[in-house]
1. If I ask for residues that are of a type in the set (D, E, K, R) and farther than 30 Å from A97 by Cα, which ones from the range 1-51 would you list?
2. State yes or no: is T69 touching a helix residue (DSSP H, G or I) at 6+ places or on another chain (Cβ under 7 Å) and among the polar types (S, T, N, Q)?
3. With respect to the numbered conditions (1) surrounded by fewer than 12 Cβ atoms within 10 Å (Cβ to Cβ); (2) among the small types (G, A, S); (3) modelled with pLDDT under 95, which one is the sole condition not fulfilled by G53?
4. How many residues are among the aliphatic types (A, V, I, L, M) and either in contact with a strand residue (DSSP E or B) (Cβ under 6 Å, 6 or more places away or on another chain) or touching a residue at least 24 places away in the same chain (Cβ under 8 Å) (or both) when one looks only at the range 101-128?
5. Hey, among the residues in the range 132-162 that are surrounded by fewer than 16 Cβ atoms within 10 Å (Cβ to Cβ) and of a type in the set (S, T, N, Q), which one's nearest to G79 (Cα to Cα)?
6. If the requirement is being surrounded by 13 or more Cβ atoms within 10 Å (Cβ to Cβ), more than 30 Å from S148 (Cβ to Cβ), among the charged types (D, E, K, R) and out of contact with any Asp or Glu (no Cβ under 7 Å at 6 or more places or on another chain), which of these qualifies: R6, R82, R68?
7. Given the residues V44, V65, which is the only one that is outside any loop (DSSP other than H, G, I, E, B) and over 30 Å from V123 (Cβ atoms)?
8. Given the options G104, G73, G126, name the one that is in a helix (DSSP H, G or I), at negative phi, exposed (fewer than 12 other Cβ atoms within 10 Å of the Cβ) and of a type outside the set (S, T, Y).
Amino acid sequence: INGILRQTHNLKPDAPPDFIVFNAAALLAAGKAAAKQFQLLLGVVAAISLLIGGIGVMNIMLVTVTERTREIGIRKALGAQRSDIVTQFLSEAMLLASLGGLIGVGVGVGLGSLKSSTMQPVVSPGSVVMSFGVSVLIGIFFGAYPASRAAALTPMEALRYE
């Protein structure tokens, strides 16, 4: 192909070519490599976003534990077990993370619909369920420390707290 194009363009043998020949296999390989790099970048951005969201859930739950220290003390004084307190705060963390996940999926689907006016976006139920499941797991993981901290309070220490 190079020889034919050099003749067609009347190029001398030592002259640089004024054309580019693309190999379809090389283009396909370059496209796949770029897609793989982009996928890796999106994965890193998603992981960082999940970490930041989880830290946000944990901080909110720590503030909640601090604000409700007296309530925890009263519940423990009335007979609430450690597991009751852990269950309460883990449930709240899971609810908080789940709401965040639902809002995130809704915003993602909504923005996808707005952005693509010519194409209909495809939303797979599996990816929605997986996103929701990851949100719940983030709530459990990052809510465990505040929940255990709340459960570790003694009734006396909690009731003395101002």
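The values are calculated or read from the model by the stated rules, or taken from the named source; none is laboratory data. These numbers come from a predicted model, not from an experiment. Virtual Cβ from ideal backbone geometry, glycine too; neighbours counted across all protein chains shown.
1. Selection gives R6, K12, D14, D18, K32.
2. When the stated conditions are applied, T69 passes them.
3. All conditions pass for G53, except number (1).
4. Qualifying residue count, the range 101-128: 2.
5. T154
6. Being surrounded by 13 or more Cβ atoms within 10 Å (Cβ to Cβ), more than 30 Å from S148 (Cβ to Cβ), among the charged types (D, E, K, R) and out of contact with any Asp or Glu (no Cβ under 7 Å at 6 or more places or on another chain) holds for just one of R6, R82, R68, which is R6.
7. Just one listed residue meets the conditions, V65.
8. G126
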